[in-house]
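Heads up, the thing below is written out as structure tokens.
The values are calculated or read from the model by the stated rules, or taken from the named source; none is laboratory data. Small disclaimer: the values here were computed from a predicted structure and weren't measured. Just the protein is used for accessible areas: all its heavy atoms, side chains included, with ligands, DNA and RNA removed. Shrake-Rupley method; radii C 1.70, N 1.55, O 1.52, S 1.80 Å.
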Amino acid sequence: MNVQLNINFVTCSFTEVLFVENEAQVAARWHATTEPTNDVTVTLLQGLKRQRDGMIEYQRRTRKCLRKDREVTIKLLKDGKEDHAKILMKKVKCQERDLQASYGQLRNLQELVYTMEMALILCR
């Protein structure tokens with residue numbers, strides 16, 4: 001009796017080691033472990049995209065507010081109300097600092113979204 005076994009060595013995403021008899025079982029096991037993960041990944045990806053869109057909207061509103069505050073500051077200085085103008089300039093400076101920080105956060109979100117999309121494409 002001549003029996004030939006084709007045993008493959010596969011590592012799963014759960015860091016467990018599996019020994020399977022053929023490629024069909026490997027494919028079945030892989031799809032069984034990745035499909036629920038893909039649903040979760042897609043949900044997380046949609047959440048990240050919503051965060052990204054919210055960050056873009058925040059930046060747009062902040063830039064609009066900064067333009068308005070700068071105009072008001074110039075008007076206050078022309079009217080001789082330097083104390084009010086100083087307070088408004090401090091507010092503008094704080095908003096500009098927050099806006100600069102949000103650019104870095106947006107860049108990180110976009111990189112994360114891109115990485116997750118590429119991982120989804122490669123897994124399919």
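You can think of it this way: the chain between LYS75 and LEU48 has 5.7 nm of extra reach, that is 0.36 nm per residue less the Cα-Cα gap.
For ASP83 and ARG107, the difference between the fully extended length at 0.36 nm per residue and the C-alpha to C-alpha distance is 4.9 nm. By a 1.4 Å probe calculation restricted to protein chains, MET116 has an accessible surface near 40 Å², given to the nearest 10.
Counting only residues at least eight positions apart within a chain, or on another chain, the lysines with an alpha carbon under 21 Å from that of LYS75 are LYS64, LYS86, LYS90, LYS91, LYS93.
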